[in-house]
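The values are calculated or read from the model by the stated rules, or taken from the named source; none is laboratory data. Computed from a predicted structure; not experimentally measured. Reconstructed Cβ throughout: ideal geometry from the backbone, glycine too, with neighbour counts over all protein chains shown. Areas reflect the complete protein model, heavy atoms only, side chains present, ligands, DNA and RNA absent. Shrake-Rupley method; radii C 1.70, N 1.55, O 1.52, S 1.80 Å.
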Amino acid sequence: MQPVKIITTVKKMQEHSDLMIHQGKSIALIPTMGFLHEGHLSLMQEGSRHADHLVVSIFVNPTQFGQGEDLEAYPKDFNRDMDLCKKKGVDVIFKPDAPELYPENFQTYIALEKLPNHLCGLSRPVHFKGVATIVTKLFNIVKPDIAIFGQKDFQQLAVIKQMVSDLHMTVKVIGAPIIREADGLAMSSRNTCLSPEKRPAALSLFESLNNAKQLIKNGVTDSNIITKKARDIVKFHGDTEIDYISICDPETLEDVQNIKKPVLMAMAVKVGKTRLIDNMLLSP
Ligand code: AMP
């Protein structure tokens, strides 16, 4: 196994990337919040297919968490993360601490005007401003040629693609498919917070999406019928609180009432204290 270099400061990361660029190497960046799982590993795999040098960032970004969200409780295990990165041939782990990225006088944020006004952005009003800001910072620090993001966080991917286009950034953004557990649950670092008895409730998200796929296949085009059925499936399991279940345009994320072309069905549900998201692209 090759050694993985751990870099914790902005200056050292920028110097390292400058050196790689000088040597003619292309850089792929995989931004993560750590507590890595197969979903993250698939992004690394994709990254190594596209570039010579693979950088994984591990940073639980405080500015994308609202008050009362799980910033403090976010799971961590750096030694395990490091072993996984080594196995995947990651060259550098960039692991700054919060004061390194947000020093006392920090005051510049990136905010999008439309995409955050849907789906997760409605109940997490500061989230995408935090995401857009940290991703911009990571792009400026790591200077990647390409960056890989998971379609699991579909809205995040849309926000980043829009931001890259709006701000004429040169990085190429690639979306990678959702990796699921054997039973269909979308992998997430937060899944470790689910006790075994919560599993059926957690699985109701994927069940709802599959049910929607079947309904559309059977010719149903009214979104209300499909989302109502999804709500029933989720509510059937106790201890669930639906944040949203939405059928929307995959580009604008605006609600679609009558399904005539491919749509995104996306949902967020709290199972116990754990907020889960999932989505599926559906075609009539
Ligand atoms: P996170 O550490 O949760 O911030 O995720 C870091 C990156 O991994 C994001 O681009 C996520 O979309 C992606 N990701 C998380 N879970 C999955 C999954 N189950 N399948 C594919 N990508 C994922």
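Surface composition of the chain: carbon plus sulfur atoms hold 50% of the accessible area, using a 1.4 angstrom probe and ignoring ligands, DNA and RNA. Could you tell me whether the range 23-145 comes out rounded, prolate or oblate from its Cα gyration tensor? Rule is a ≥ b ≥ c as square roots of the eigenvalues, rounded for a/c under 1.5, then prolate if a/b exceeds b/c, otherwise oblate. In terms of gyration-tensor shape, prolate. Beta bridges from DSSP with both residues in the chain: antiparallel share about 50 percent, rounded to the nearest 5. Averaging 1/r across all pairs of distinct Cα atoms in the chain and inverting the result yields a Kirkwood radius of 19.8 Å.
Over the range 5-176, what is the relative contact order in percent, taking alpha-carbon pairs closer than 8 angstrom and at least six residues apart? About 29 percent, as a whole number. Once the Cα atoms are used to define both axes, helix 10-22 deviates from the longest principal axis of the chain by about 80 degrees.
Computed from label points 7 Å out along Cα-Cβ, the spacing between Thr9 and Ala98 is 2.2 nm.
A 1.4 Å probe run over the chain, with the rest of the protein chains in place, finds 50 Å² accessible per residue. Of the two radii for the range 189-282, the radius of gyration is 0.99 times the Kirkwood radius, both from the alpha carbons; that is the Rg over Rh value.
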